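Note sheet for the following structure.
Throughout, read-outs are computed from the coordinates displayed, never taken from laboratory work. Fair warning: this is a prediction, and the values are worked out from it, not measured in the lab. Here Cβ is always computed from backbone atoms with ideal geometry, including for glycine, and neighbour counts include all displayed protein chains.
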Amino acid sequence: MTELRSSVTTGFTSRFGREAHGLWSAPGRVNLIGEHTDYNEGYVFPFAINRRTLIGLAPREDAVLRVASSHAPDAVEIRLDELTPDALHGWSAYPLGVAWALGQFGAPLAELHGADIYIESDVPIGAGLSSSAAIECAVAAALNDVWGLGLDRRTLARVGQLAENRAVGAPTGIMDQSASLLGEADAGVFLDCRSLEAEVIPLGFDAAGLELLIIDTRVSHSHATGGYASRRASCEAGAAAMGVSALRDLHPGDLPRAEQLLDEETFRRVRHVVTEDQRVLDTVRTLREEGPRAIGALLDASHASMRDDFEISCPELDLAVDTARGAGAIGARMTGGGFGGAAIALVPRELVAPISAAVLGAFADAGYATPTLFTVRAAAGAAREL
Ligand code: ADP
Ligand code: MG
């Protein structure tokens with residue numbers, strides 16, 4: 001963190017030839033449990049991680065917003081009164097889209113001063129840890145402060161989501177931004193995707209000596225996009241056939257009726273979502289009543305459900321999960337949209353090294369590309385740093 005801070009400070013000066021007036025940061029996130037439940041208006045349980053995006057900012061006298069990133073060679077600038085989703089392209093649509101979205105939430109863009117913004121991050125990009133929410137939430141927090149908008153964190157989450165939906169064009173839910181803004185150290189953000197109510201739930205991983213190991217398989221199977229669309233369609237068809245507006249309204253007790261009514265494949269898609277919602281609720285309750293070492297079976301069951309019922313796993317993810325479990329993980333599951341990406345394993349601290357070695361060995365034996373392994377901790381949400 002200290003390193004990232006000084007690197008943002010010097011990066012700002014070398015790009016813009018003056019000093020940053022303030023630094024803000026926001027974290028990436030990992031989803032502990034609750035997969036493909038968001039668009040079914042159900043529950044998710046992510047946490048903010050100790051990998052962050054930092055931004056340095058200095059106000060300008062004119063109405064120009066200029067953004068630069070360590071990941072991009074050139075700065076991009078635009079006048080505040082010219083901000084529209086269509087005017088934004090590439091990586092700069094994330095930070096500039098947030099400025100536009102703040103206007104949609106009442107910021108008087110035509111009357112405000114611009115700013116120079118420089119961005120650095122240690123959230124891996126495209127690894128399923130939401131570098132996108134980290135950049136959005138850091139910019140939202142910074143502009144909210146310097147423009148004196150007074151928007152609360154739940155509203156800033158909606159700002160980030162609007163930017164991603166409209167300026168970037170990605171039809172994502174509000175989970176990532178909620179985690180990045182509302183996260184707290186060693187706690188998860190239990191989110192109801194229908195009411196958008198969020199509750200911070202202590203995880204207790206630190207006291208229990210547990211770490212969350214990320215196993216990024218670095219594979220991305222080509223049917224990921226089509227697979228996602230067809231799963232969404234199955235969920236909508238299942239809800240319609242069952243006479244509910246979203247699968248969130250079904251409970252495990254409704255599954256026998258669903259089995260009668262639905263074709264075999266749609267039934268299994270529905271069963272994943274209904275049982276996954278229940279597993280999120282059970283995870284929150286188990287953490288409260290029994291502590292984190294008791295949630296392993298729920299993580300394992302989540303993986304089995306995605307593998308067998310939702311059919312979005314792949315051999316690399318299954319191998320990562322099975323190997324981690326076999327080497328002593330408390331529980332493990334694939335995380336994210338599926339067909340590649342990362343698995344997570346909840347592991348006792350002293351087993352991080354042997355479990356990592358076992359996974360690397362199994363991947364080598366199978367002839368798969370070498371996965372990237374690292375641990376993450378639940379960390380605080382977006383904050384002003386300086
Ligand atoms: P993920 O959120 O899983 O990391 P996404 O595809 O949703 O992956 O978002 C990644 C995109 O966000 C990058 O391709 C880039 O356009 C933008 N982005 C994220 N972090 C940065 C950064 N530090 N600098 C510039 N652009 C970034
Ligand atoms: Mg993203």
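Going through region 29-121, which GluC sites (Glu not before Pro) have at most 14 other Cβ atoms within 10 Å and a DSSP loop state?
61
I'd like the Kirkwood hydrodynamic radius of region 1-123, using the inverse of the mean 1/r over distinct C-alpha pairs, in Å.
On the way: mean 1/r = 0.0628 Å⁻¹.
Kirkwood hydrodynamic radius for region 1-123: 15.9 Å.
Rounded, prolate or oblate for region 208-376? Axes are the square roots of the Cα gyration tensor eigenvalues, ordered a ≥ b ≥ c, and the cut-off for rounded is a/c under 1.5.
Taking the square roots of the gyration eigenvalues as a ≥ b ≥ c, region 208-376 is oblate.
Can you grab the distance from the C-alpha centre of region 315-386 to the C-alpha centre of region 164-239, Å, no decimals?
When both Cα centres are located, 17 Å separates them.
How many nm separate the modelled label positions at residue 105 and residue 14, each set 7 Å beyond the Cα in the direction of the Cβ?
Modelled inter-label distance: 3.3 nm.
Once the piece of chain linking residue 249 and residue 60 is laid out straight, how much longer is it, given 0.36 nm per residue of separation minus the C-alpha distance between them? Each step should come with its number before you reach the end.
Working: separation 189, 0.36 × 189 = 68.04 nm, distance 4.98 nm.
Length gained, residue 249 through residue 60: 63.1 nm.
Once you list every other residue whose beta carbon is under 12 Å from the beta carbon of residue 122, what net charge do they have if Lys and Arg are +1 and Asp and Glu are -1? Before the final figure, lay out each step's value.
Values: positive: 5, 51, 52; negative: 3, 120.
Cβ neighbours under 12 Å give a net charge of +1.
Using R₀ = 35 Å, calculate the FRET efficiency as 1/(1 + (r/R₀)^6) where r is the Cβ-Cβ separation of residue 278 and residue 222; round to 0.05.
On the way: r = 32 Å, r/R0 = 0.92.
Efficiency for this residue pair is about 0.60.
Between residue 318 and residue 6, with labels modelled 7 Å along Cα→Cβ, what's the label distance in nm to one decimal, could you check?
Each label point lies 7 Å from its Cα, and together they span 4.9 nm.
Please name which of 235, 356, 222 has its Cα lying farthest along the dipole of the chain towards the positive end, using unit charges on Cβ (Lys, Arg +1; Asp, Glu -1) and the Cα centre as origin.
Final value for the positive-end residue is 356.
Could you please rank 14, 356, 302, placing first whichever residue has the fewest other Cβ atoms within 10 Å of its Cβ? Each step should come with its number before you reach the end.
Details: 14 10, 356 20, 302 25.
Final ranking by Cβ density, sparse to dense: 14, 356, 302.
Hey, got a sec? Which GluC sites (Glu not before Pro) in region 285-386 land in a DSSP loop and have at most 11 other Cβ atoms within 10 Å?
Working: sites: 289, 290, 311, 316, 350, 385; in loops: 290, 311, 385.
Of the GluC sites (Glu not before Pro), the ones in loops of region 285-386 whose Cβ has at most 11 other Cβ atoms within 10 Å are 290.
On C-alpha positions alone, give me the angle between the axis of helix 131-146 and the longest principal axis of the chain, in degrees, nearest 10.
On a 0 to 90 degree scale, this one is about 40.
Counting only other residues whose beta carbon sits under 13 Å from that of residue 57, what net charge do I get with K and R as +1, D and E as -1?
Result for the local shell: 0.
Is the shape of region 168-272 best called rounded, prolate or oblate, per the rule: a/c under 1.5 gives rounded, else a/b larger than b/c gives prolate, else oblate, with a ≥ b ≥ c the square roots of the Cα gyration tensor eigenvalues?
Numbers: a/c = 1.90, a/b = 1.55, b/c = 1.23.
Prolate is the answer for region 168-272, as a/c is 1.5 or above and a/b outweighs b/c.
Hey, with R₀ at 41 Å, roughly what FRET efficiency would residue 261 and residue 170 work out to, going by the Cβ-Cβ distance, to 0.05? Intermediate values should be presented prior to the final figure.
Working: r = 33 Å, r/R0 = 0.81.
In this case the efficiency is close to 0.80.
Grab the other residues whose beta carbon is less than 13 angstrom from that of residue 288, score K and R as +1, D and E as -1, and report the net. Don't skip to the answer; put the middle values down first.
On the way: positive: 285; negative: 199, 282, 289, 290.
Around residue 288, the charge tally is -3.
Report the residue, chosen from 90, 291, 160, that carries the largest GNM mean-square fluctuation when the chain is represented by alpha-carbon nodes joined by springs under 10 Å.
Sorting by GNM fluctuation, first place goes to 90.
Could you pull the Cα extents of region 249-292 along its three principal axes, largest to smallest, in whole Å?
For region 249-292, the Cα extents along the three principal axes come out at 39, 16, 14 Å.
With a point put 7 Å past each Cα toward its Cβ, work out how far residue 237 is from residue 366 in nm, to one decimal.
According to this spin-label approximation, the distance is 2.9 nm.
Tell me, what are the semi-axes, in whole angstrom and largest first, of the equivalent ellipsoid of the chain as set by the roots of 5 times the Cα gyration tensor eigenvalues? Present the calculation step by step, with values, prior to reporting the outcome.
On the way: eigenvalues 261, 121, 69 Å².
That gives 36, 25, 19 Å for the three semi-axes.
For 333, 51, 194, 231, what's the fewest-to-most ordering of other Cβ within 10 Å of each Cβ?
194, 231, 51, 333
Provide the FRET efficiency to the nearest 0.05 for the residue 196-residue 82 pair, computing r from the beta carbons and using R0 = 45 Å.
0.90
Could you tell me, in Å, what Rg and Dmax come out for the Cα atoms of region 90-149?
For region 90-149, the Cα radius of gyration and maximum Cα-Cα distance read 12.2, 38 Å.
In a GNM of the chain with a 10 Å cut-off on Cα contacts, which of 64, 274, 244 has the highest mean-square fluctuation?
244
Most mobile of 171, 59, 46 per a Gaussian network model of the chain (Cα springs, under 10 Å)?
Per the Cα network of the chain with a 10 Å cutoff, 171 tops the list.
Can you bin region 1-59 into rounded, prolate or oblate? Criterion: square roots of the alpha carbon gyration tensor eigenvalues sorted a ≥ b ≥ c, rounded for a/c under 1.5, prolate for a/b above b/c, oblate for the rest.
Prolate, because a/c is 1.5 or more and a/b exceeds b/c.
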